[in-house]
Structure formats: structure tokens, C-alpha cells
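One structure is given below, encoded as C-alpha cells.
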């Protein structure tokens, strides 16, 4: 019997006391992958917006769409929730790339509905499958009063998007770089970076940001999710943490999903730094 306390065993021991189920997928880009419940279906919440962004850039790459197109914020796009467009009235015109940026960095739900309308729900799902994410579906636009779910995916599917982005192999090197630039501006890193040492992420202290993140999180009553790439002096790693089946649907900073997710994320960071860019020796 292998008695070593590997990272995977330590993660499993940590989440034994978690009131819920956590799906995890990790890749250190050196052949070490950790997958726990990684092929199970989870509600995506706003993580589906990363797939929509990928489909936009795929359509742009093919010449079917343009980031410079102007699209209108219409009455049918109105929805409550995160973002800045809920504070504006319908009729505003935005460039496609600006709506896509709002969709990611402040998780704007109205901008997301604008992007779904612009691309087409069926086309988005076709693109998701073409990108190799066989277990991911966007079920409908965001209208909480009409639909109980937004999308479904797996930690493995979600991680595959970021893994290929890091390698410049998702759409094209140029398109992937533009997507990463947007994902690096994401405002909601409450799970991945919550327990990271602030010193590493503050250029005022270090003359440079030693650790940065390109990610997209998502939360609904049924889930708390986060995933992306963590960039370190030893290179990047991919991390996805999806949560379901917890008993507390309320939203607050100390929610168990956020606490346990942040704890796992810090454990992963410490291991990666201690082994200078790997999860295993």
C-alpha cells in the first residue's frame, strides 16, 4: 500500500468533512493530473460564460462574426443579477467585444443574454461540442423566473478550455491570447485566490505581480464554482472546483463551498510552489 500523503489524498481528506460534493480537476502541465468527481455533471451558473466567450472567438476566427459589430441591449435581455447593464435602460448600443468583456469580468447577465442572442443558442451548443466538451450544454438564456437552470458541465470539460488556452490550442494563438487577457481581468476570484498570500499578488510590495489568475467563477442556489489558470514564477497550472449538493443556499463570503474551495486552492498553490512547478515529485 502506498503510504505517501500525496496531494490527491490530502485533498480527499480535507473534503471528507465538507457538507456537499466538490468536483476537482487539476493539471500542472508536467503530466500530473488530479481528478475527483471530474466527470460528473454540475450546474454551471456563470462559468458557462467562458464557453460563450470561446464560441464568440471561434466564430470571429472563422469570419462569421466581428468583435467590432454593434449590438443593442433590448427589453428581452433584461434580467436581474450581476453586472452593470441592469443599471441602464434598454436601447444602449455596445460593441460585441465590450459586451463579451462585461460578460466575463463583472459576470454581467444582460451582456450574456446579448451575446447569446448575437451568436444563437443552437450555434453556441454546436461550438461547445466542436471544442470537444461533450458533457456541456447551455440550456437557455438567463431568465431566472422562467428557467431553473442555465447550463450543465463537468470539471473536466471546463478545465479542458483553460488547458488549451494556456497552450494556445483552443481557437488560435492570437485568439487565445485575447481571451486570456479578458479572463485575467475577472473581478470575482473569491474562491481560487481567497486564501492566497496577498504579498504575491500585489505589485506595490514586490515590484511585480508574482501570481496572477485568468478565471471565471459562477454561483447559483445549487452550486458554487470557480476555475481557471494560476500563473506563477514556475509556470501555470489549471484548477477547477465545482460544488453541488450542499445544504446552505444563502450567499455570503464564509459559505462552506467558498471556505473549502479556498482551502483546497491554497493547498494546491503551496504544493505547486514547493515542488517548483509540479503537483508531484
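The values are calculated or read from the model by the stated rules, or taken from the named source; none is laboratory data. This one's a predicted model, so the numbers in the text were calculated from it and none came from an experiment. Don't worry about glycine lacking a Cβ; one is built from the backbone with ideal geometry, like all the others, and counts go over all protein chains shown.
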Next on the checklist: Taking the conditions exactly as written (part of a loop (DSSP other than H, G, I, E, B), within 26 Å of residue 249 (Cα to Cα), touching a helix residue (DSSP H, G or I) at 6+ places or on another chain (Cβ under 6 Å) and in contact (Cβ under 8 Å) with a residue 24 or more places away in the chain), does residue 104 satisfy them or not?
Outcome noted: no
Checklist entry - Going by the structure shown, is residue 151 at pLDDT 95 or above, touching a helix residue (DSSP H, G or I) at 6+ places or on another chain (Cβ under 8 Å) and on the phi > 0 side of the Ramachandran plot? => result no
Checklist outcome for this item: Inside segment 254-268, the number of residues satisfying the requirement of being more than 13 Å from residue 19 (Cα to Cα) and free of Cβ contacts under 8 Å to residues at least 60 places away in the same chain is 1
Next on the checklist: Given (1) in contact (Cβ under 8 Å) with a residue 24 or more places away in the chain; (2) at negative phi, identify the lone condition not met by residue 137.
Outcome noted: (1)
Checklist outcome for this item: Note on segment 113-125: residues surrounded by 14 or more Cβ atoms within 10 Å (Cβ to Cβ) and over 21 Å from residue 92 (Cβ atoms) are 121, 123, 124, 125
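So is residue 179 in a helix (DSSP H, G or I) and closer than 27 Å to residue 143 by Cα or not?
So residue 179 fits the description; yes.
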Checklist outcome for this item: When segment 11-24 is checked residue by residue, the ones that are assigned to a helix (DSSP H, G or I) and within 15 Å of residue 241 (Cβ to Cβ) are 11, 12, 14, 15
Checklist entry - So which of 38, 111 is in a loop (DSSP other than H, G, I, E, B), under 26 Å from residue 251 (Cα atoms) and at pLDDT 95 or above? => result 38
Checklist entry - Looking at residue 167, is it touching a strand residue (DSSP E or B) at 6+ places or on another chain (Cβ under 8 Å), more than 20 Å from residue 109 (Cβ to Cβ) and surrounded by fewer than 17 Cβ atoms within 10 Å (Cβ to Cβ)? => result no
Checklist entry - Assuming residue 82 fulfils every condition listed in (1) surrounded by fewer than 23 Cβ atoms within 10 Å (Cβ to Cβ); (2) within 21 Å of residue 161 (Cβ to Cβ); (3) in contact with a helix residue (DSSP H, G or I) (Cβ under 9 Å, 6 or more places away or on another chain); (4) at pLDDT 95 or above apart from one, which condition is it? => result (4)
Next on the checklist: Can you say whether residue 127 is touching a helix residue (DSSP H, G or I) at 6+ places or on another chain (Cβ under 6 Å), under 27 Å from residue 37 (Cβ atoms) and not in a loop (DSSP other than H, G, I, E, B), as far as the supplied structure shows?
Outcome noted: yes
Checklist entry - Within segment 54-63, is even one residue modelled with pLDDT of 95 or more, in a helix (DSSP H, G or I) and under 19 Å from residue 227 (Cα atoms)? => result yes
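Are any residues in segment 154-172 in contact with a helix residue (DSSP H, G or I) (Cβ under 9 Å, 6 or more places away or on another chain) and on the phi < 0 side of the Ramachandran plot, and if so, which ones?
157, 158, 161, 162, 164, 165, 166, 167, 169, 170, 171, 172
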Item to check | Options 49, 97; residue that is part of a helix (DSSP H, G or I), in contact with a helix residue (DSSP H, G or I) (Cβ under 9 Å, 6 or more places away or on another chain) and either surrounded by fewer than 15 Cβ atoms within 10 Å (Cβ to Cβ) or free of Cβ contacts under 8 Å to residues at least 60 places away in the same chain (or both) | outcome: 97
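Looking at segment 187-203, can you tell me whether even one residue there is outside any loop (DSSP other than H, G, I, E, B), crowded, with 19+ Cβ neighbours inside 10 Å and under 19 Å from the mean Cα position of the chain (by Cα)? Outline the logic, then answer.
To start, the set of residues in segment 187-203 that are outside any loop (DSSP other than H, G, I, E, B) comprises 198-201, 203.
Then drop every residue that is not crowded, with 19+ Cβ neighbours inside 10 Å, which leaves none.
No, because not a single residue in segment 187-203 is outside any loop (DSSP other than H, G, I, E, B), crowded, with 19+ Cβ neighbours inside 10 Å and under 19 Å from the mean Cα position of the chain (by Cα).
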